[in-house]
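Have a look at the structure below before the remarks.
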Amino acid sequence: MTQLYLASGSPRRRELLTQIGVPFTALSAAVDESPLPDEAAPAYVERLAVAKAKAGLAVLPPMDVSARLAVLGADTAVVLDGQILGKPVDREDALAMLAALSGREHNVLTAVALADQQRCLSVCVASQVRFRTISRQEAEAYWASGEPLDKAGSYAIQGLGAIFVQRIEGSYSAVVGLPLSETAALLGQFAIPCWQSLSTR
Ligand SMILES: Cc1cn([C@H]2C[C@H](O)[C@@H](COP(=O)(O)OP(=O)(O)OP(=O)(O)O)O2)c(=O)[nH]c1=O
């Protein structure tokens with residue numbers, strides 16, 4: 001059986017992977033998340049997902065090359081007018097992001113990568129999210145809730161931020177941080193089935 005590792009400090013990604021019933025071990029691997037000059041958003045998220053998976057492989061203790069293991073990494077960015085909105089650096093940054101997203105549609109890109117000692121496969125999933133108008137007062141109250149702090153684009157669709165979302169087209173789980181249908185397909189390519197958990201229920 002292939003041992004799966006999740007290279008992520010994100011509680012959302014751990015919950016999402018748990019949701020599809022695949023046993024895994026979480027590990028932390030630091031990666032520089034600065035975009036490269038003129039890097040397009042899909043290339044950026046895919047590069048980071050691959051970097052996280054490979055950094056995860058690198059922190060594992062040296063193992064026999066015959067050991068069957070794979071490491072999953074993912075990255076999410078909110079994209080507005082081609083501009084990447086990452087996690088806010090401070091309150092003003094979060095308020096500026098929420099004002100920019102107010103009353104408009106934006107893209108959420110999430111890439112997921114799966115690596116073993118021989119290969120690394122990745123996929124990028126794009127979703128469109130439409131926000132209603134957000135007043136400055138609401139944005140300030142939302143910041144005070146603490147939720148925007150560690151979220152790309154300064155909001156969480158799975159939390160209080162849902163009240164701003166009028167419409168979503170694409171993958172809900174990808175917006176939260178891990179596209180589950182595409183992740184299950186990638187796992188299948190590494191002979192890590194999600195079906196086992198279905199057959200035992
Ligand atoms: C848009 C959106 C993002 N997010 C989160 C998912 C990610 O945790 C975070 C984007 O930051 P990432 O850099 O993708 O991930 P991370 O640093 O939190 O975790 P990792 O250790 O795996 O690198 O924003 C939500 O939880 N809900 C949302 O609606």
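The values are calculated or read from the model by the stated rules, or taken from the named source; none is laboratory data. Since this is a predicted model, take the numbers as computed values, not measurements. Glycine also receives a Cβ, built like all others from the backbone with ideal geometry; neighbour counts cover every protein chain displayed. Side chains are part of the model used for accessible areas, which takes the heavy atoms of the whole protein and leaves out ligands, DNA and RNA. Shrake-Rupley method; radii C 1.70, N 1.55, O 1.52, S 1.80 Å.
At a glance:
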read-out: Failed condition for Glu105, given (1) surrounded by 15 or more Cβ atoms within 10 Å (Cβ to Cβ); (2) at pLDDT 95 or above; (3) within 16 Å of Val175 (Cβ to Cβ); value: (1)
read-out: Residue within region 181-199 that is open to solvent by 40 Å² or more (accessible area, probe 1.4 Å) and either farther than 25 Å from Val71 by Cβ or within 14 Å of the ligand (Cβ to nearest atom) (or both) present; value: yes
read-out: Tally of residues being out of contact with any strand residue (DSSP E or B) (no Cβ under 8 Å at 6 or more places or on another chain) and closer than 21 Å to Ser127 by Cα across region 34-46; value: 3
read-out: Set Pro88, Pro42, Pro62: member being of a type outside the set (D, E, K, R) and free of Cβ contacts under 8 Å to residues at least 12 places away in the same chain; value: Pro62
read-out: One residue from Gly170, Gly161 being of a type outside the set (A, V, I, L, M), open to solvent by 30 Å² or more (accessible area, probe 1.4 Å) and either under 27 Å from Ala111 (Cβ atoms) or at pLDDT 95 or above (or both); value: Gly170
read-out: Given (1) touching a Gly at 6+ places or on another chain (Cβ under 7 Å); (2) near the ligand (Cβ under 9 Å from one of its atoms), number of the condition Gly153 does not satisfy; value: (1)
read-out: Filtered residues of region 33-84 (kept if within 14 Å of the ligand (Cβ to nearest atom) and either among the basic types (Lys, Arg) or modelled with pLDDT under 95 (or both)); value: Glu33, Ser34, Pro35, Arg47, Lys52, Lys54, Val59
read-out: Any hit, region 117-128, residues being within 16 Å of the ligand (Cβ to nearest atom), open to solvent by less than 20 Å² (accessible area, probe 1.4 Å) and either more than 30 Å from Arg68 (Cβ to Cβ) or more than 18 Å from the chain's Cα centre (by Cα) (or both); value: yes
read-out: Odd one out for Gly177 among (1) within 23 Å of Leu72 (Cβ to Cβ); (2) free of Cβ contacts under 8 Å to residues at least 60 places away in the same chain; value: (2)
read-out: Count - residues of region 9-57 that are assigned to a helix (DSSP H, G or I) and open to solvent by less than 80 Å² (accessible area, probe 1.4 Å); value: 21
read-out: Residues (more than 21 Å from Ser8 (Cα to Cα) and either of a type outside the set (Asp, Glu) or open to solvent by less than 40 Å² (accessible area, probe 1.4 Å) (or both)) located in region 82-102; value: Gly82, Gln83, Arg91, Ala94, Leu95, Ala96, Met97, Leu98, Ala99, Ala100, Leu101, Ser102
read-out: Any hit, region 130-150, residues being more than 13 Å from the chain's Cα centre (by Cα), open to solvent by 50 Å² or more (accessible area, probe 1.4 Å) and in contact (Cβ under 8 Å) with a residue 60 or more places away in the chain; value: yes
read-out: Residue selected from region 65-116 under the condition more than 13 Å from the chain's Cα centre (by Cα) and among the basic types (Lys, Arg), by the criterion farthest from Leu160 (Cα to Cα); value: Arg68
